[in-house]
């Protein structure tokens with residue numbers, strides 16, 4: 001049993017605390033969600049609140065794993081303890097109140113959170129992957145699990161939708177990795193499999209060398225095609241009968257596919273590719289229009 005002495009039961013939350021919880025989660029999402037925010041805004045209020053609470057908590061986990069201050073493992077354990085608190089129906093602050101409410105309403109399977117924490121913990125001591133099989137497992141844990149949790153919010157947790165969410169998550173995480181190559185390299189992280197680097201005559205020391213621009217370009221083309229294959233798998237398994245419920249997922253996927261295409265055509269892979277607010281909103285409206293046609 002977890003320690004609840006300094007916490008409050010969900011049933012005892014005041015109207016003010018409830019309001020502050022939703023406001024806090026919405027603020028975190030607006031400030032940090034970037035691409036996801038422009039998918040969330042199209043959701044009905046209750047589902048939007050649920051996904052904002054989920055995102056705010058996931059952000060806390062990411063921040064702990066990436067922290068430059070303190071013991072990362074200890075920080076991550078504290079985040080996990082907050083999750084335990086929420087599953088017991090208690091809260092200690094606005095973040096945990098928001099998540100506890102979302103857990104109560106949407107019945108998130110705990111297994112997806114546990115798998116996600118395995119992925120976050122691996123970032124504490126793993127900065128290279130030898131094979132794509134290893135990278136695939138990491139991508140599933142940190143990205144596909146998020147999609148699987150979102151299915152509960154979307155009321156779309158079916159076997160076919162789970163396959164869709166898993167593949168979409170892999171494609172999106174591979175896109176993240178390709179988009180953030182330079183930034184991750186600066187932090188001594190290379191997520192692309194070592195077996196792939198060797199295929200194109202690259203290694204840890206010459207990865208971003210000016211003398212190897214052609215090899216790097218060929219490697220990125222190879223990895224882009226792999227990411228595209230996961231978007232294609234997701235598309236093939238898209239549950240058309242749930243199209244209306246999966247609008248937000250479709251928007252997220254389309255935004256990330258657009259980023260991937262920019263990576264594919266970029267001449268300089270040292271700069272991080274981002275879409276403008278206008279571009280992301282346009283994608284959202286386009287997906288909604290297509291869904292209604």
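Every number in this text was worked out from the coordinates using simple rules, so none of it is lab data. Since the model is a prediction, treat every value here as computed from it, not as a measurement. No Cβ is skipped: glycine too gets one built from the backbone with ideal geometry, and neighbour counts run over all protein chains shown.
Picking from 175, 158, 96, which is most flexible by a Gaussian network model of the chain using Cα springs under 10 Å? Of 175, 158, 96, the most mobile in the Gaussian network model is 158. Rounded to the nearest 10 degrees, the angle from helix 213-236 to the longest Cα principal axis of the chain is 40 degrees.
Counting neighbouring beta carbons within 10 Å and listing from fewest to most, the residues 9, 269 come out as 9, 269.
By how many degrees, between 0 and 90 and to the nearest 10, does the Cα long axis of helix 247-265 differ from the longest principal axis of the chain? Between the helix axis and the principal axis of the chain, the angle is about 20 degrees. From least to most packed, judged by other beta carbons within 10 angstrom and beginning with the fewest, 84, 155 follow the order 155, 84. Using equal-weight Cα scatterers in the Debye expression, the normalised intensity of region 185-293 in log10 at q = 0.15, 0.23 Å⁻¹ is -0.77, -1.27.
Return one quarter of the surface area of the convex hull spanned by the alpha-carbon atoms of region 1-107, equal to its mean projected area, in nm². Mind dumping the intermediate values first?
On the way: hull surface 28.9 nm².
That works out to 7.2 nm², a quarter of the Cα hull's surface.
Using only Cα atoms, tell me the angle between helix 72-87 and the longest principal axis of the chain; keep it within 0 to 90° and round to the nearest 10. The angle comes out near 40 degrees. Pairs of alpha carbons in the chain separated by more than 24 Å make up 53% of all such pairs.
With all pairs of different alpha carbon atoms counted, what Kirkwood hydrodynamic radius in Å does region 129-236 show? Don't skip to the answer; put the middle values down first.
Numbers: mean 1/r = 0.0682 Å⁻¹.
When all Cα pairs of region 129-236 are included, the Kirkwood radius is 14.7 Å.
Here the residues 22, 222, ranked from fewest to most Cβ neighbours within 10 Å of their Cβ, fall in the order 222, 22.
By the Kirkwood approach, averaging reciprocal distances over each pair of separate Cα atoms, region 232-278 gets a hydrodynamic radius of 12.5 Å. Helix content alone sets the calculated 222 nm mean residue ellipticity of the chain: runs of n ≥ 4 DSSP H residues at -39500 (n - 2.57) each, divided across all residues, give -22000 deg cm²/dmol.
Place the peptides 241-252, 122-133 in order of packing, highest mean first, counting for every residue the other Cβ atoms within 10 Å and averaging per peptide. Intermediate values should be presented prior to the final figure.
Details: 241-252: 19.8, 122-133: 14.2.
Highest mean packing first, the order is 241-252, 122-133.
Region 65-117 and region 269-289 have Cα centres lying 30 Å from one another. Ellipsoid fit via the Cα gyration tensor, region 50-168: semi-axes of 23, 21, 9 Å, each the root of five times an eigenvalue, largest first.
With q set to 0.23, 0.25 Å⁻¹, the log10 of I(q)/I(0) for region 116-185, from the Debye formula over equal scatterers at the Cα positions, is -1.02, -1.14.
Ranked by the mean number of other Cβ atoms within 10 Å of their residues, highest first, the peptides 14-20, 167-173 come out as 167-173, 14-20.
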